[in-house]
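**Student:** One structure, pasted below without further comment.
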Amino acid sequence: MNYTLNQLRVYVKVFEKQSVTKASEALHMTQPAVSIQLKNFQDQFKIPLFEVISRQVHFTPFGLEVVESAMEILRQANLLKEKAIAFDGNLTGTLKVSVVSTGKYVMPFFLKGFLEQHPGVDLQMDVTNKNLVIESILRNEVDFALVSIIPKKLTVDSIPLLKNSLYLIGGNPVGSKRKWAMRELMDRPLILREEGSGTRQMMEKYMKQHQVLLTRKLELTSNEAVKQAVKAGLGYSVMPLIGLKNELESGELSIQPIRGLPIHSEWQLISLRGKRHGPVAKAYKAYLQENKSFIIECYFAWLSEYSSLLQS
């Protein structure tokens with residue numbers, strides 16, 4: 001046999017996802033590339049490892065035994081890599097982080113310096129919707145999660161990172177600079193994120209507090225889709241300032257003044273209360289405590305500057 005570690009990784013990922021398509025997405029590979037690796041791995045065995053029925057991958061009893069062996073081989077390979085790096089006195093291991101979709105504008109800047117300091121540390125960062133982020137914390141699948149709203153059902157330790165401010169945005173040309181009245185918002189089409197989104201939760205809380213009843217609304221599943229819809233003139237939306245820098249500077253989007261906005265929350269890195277962190281996670285917490293202020297000043301000073309400009 002002459003299998004490669006890459007073939008083992010592909011095989012295990014297909015097992016975990018039960019789908020070639022989903023495995024290719026998780027591995028950041030094309031679907032044909034995954035299929036080729038899978039076929040090359042299967043060709044080394046006379047006994048079938050799996051079969052595909054209606055695009056669903058079903059593993060044979062022998063195939064399941066191979067999965068277990070493949071997982072152990074990969075584990076040992078990673079251990080060997082970590083030992084080699086640790087022998088030089090470096091920190092090794094994997095930092096696992098789950099991030100809500102808007103957090104993709106925040107988290108990389110708080111990771112960059114740490115990963116540069118510790119080249120032996122691997123990163124697994126999943127950017128997904130808020131419900132899946134919370135599930136990953138509850139199942140103890142990650143070291144940390146980045147959220148802007150902490151569910152009441154969770155008992156967590158948290159590290160506050162950055163203020164999160166939400167504004168009403170529209171496309172250009174910019175209208176009158178007078179502040180809108182609440183009744184005017186009711187008559188305009190509003191674009192919402194999907195149910196369960198932290199941004200949507202904050203928007204709906206604002207609407208309820210100000211007795212705004214929406215007569216026309218659109219629902220989209222990502223911030224990028226919302227921005228494109230607003231640019232196209234389909235309506236207005238309440239969005240975090242953190243993800244709007246390029247569009248505001250280019251003039252493609254504009255902040256629409258309205259009483260009661262912006263809404264404020266805070267980006268927080270959370271973990272389950274009492275979780276026993278490994279060396280990598282402990283080192284990352286220490287890094288944040290020491291460098292958080294510098295990171296904010298270096299990468300996010302524009303937020304406070306822009307907010308001050310809007311209030312002037």
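The values are calculated or read from the model by the stated rules, or taken from the named source; none is laboratory data. Please read all numbers here as calculations on a predicted model, not as lab measurements. Every residue, glycine among them, receives a Cβ derived from its backbone with ideal geometry; neighbour counts consider all protein chains shown.
**Student:** Hey, which of the helices (runs of 4 or more DSSP H) in segment 197-307, taking only ones fully inside, have at least 2 residues that are under 23 Å from K96 (Cα atoms)?
**Tutor:** 279-299
**Student:** Quickly run through segment 133-149 and pick out the residues that are modelled with pLDDT under 90 and among the charged types (D, E, K, R).
**Tutor:** Those that are modelled with pLDDT under 90 and among the charged types (D, E, K, R): E135, R139, E141.
**Student:** Then there is this: Restricting to segment 166-178, name every residue that is at pLDDT 85 or above and surrounded by fewer than 18 Cβ atoms within 10 Å (Cβ to Cβ).
**Tutor:** none
**Student:** Condition first: in a helix (DSSP H, G or I), surrounded by fewer than 18 Cβ atoms within 10 Å (Cβ to Cβ) and of a type in the set (A, V, I, L, M). Now tell me which residues in segment 1-32 satisfy that.
**Tutor:** Residues satisfying the conditions are L5, A26, L27.
**Student:** List every residue pair whose Cβ atoms lie under 8 Å apart, where the two residues are 6 or more positions apart in sequence or sit on different chains, the first residue falls within segment 1-19 and is within 11 Å of V34 (Cα to Cα) and assigned by TED's automatic domain parsing to the domain that holds E72, and the second residue, located anywhere, is surrounded by fewer than 17 Cβ atoms within 10 Å (Cβ to Cβ) and among the small types (G, A, S).
**Tutor:** K13/A26
**Student:** Residues of segment 143-155 being touching a residue at least 40 places away in the same chain (Cβ under 8 Å) and either surrounded by fewer than 18 Cβ atoms within 10 Å (Cβ to Cβ) or closer than 26 Å to H264 by Cβ (or both), which ones?
**Tutor:** Within segment 143-155, F144, A145, L146, V147, S148, I149, I150, L154, T155 meet the criteria.
**Student:** Does D157 satisfy the condition of being at pLDDT 65 or above and either in the same structural domain as K292 (by TED's automatic domain parsing) or among the aromatic types (F, W, Y) (or both)?
**Tutor:** Yes, satisfied.
**Student:** Now a separate question. What number of residues within segment 221-246 are buried (at least 19 other Cβ atoms within 10 Å of the Cβ) and either among the polar types (S, T, N, Q) or in contact with a helix residue (DSSP H, G or I) (Cβ under 7 Å, 6 or more places away or on another chain) (or both)?
**Tutor:** Total meeting the criteria: 10.
**Student:** Let me ask you something else. Write out, first by first residue and then by second, each pair whose Cβ atoms fall under 6 Å of each other, whose residues are 6+ apart or on separate chains, and whose first residue, in segment 21-50, is under 17 Å from S69 (Cβ atoms) while the second is of a type in the set (A, V, I, L, M) and part of a loop (DSSP other than H, G, I, E, B).
**Tutor:** Partner pairs satisfying both residue conditions: Q42/L49; Q44/M1.
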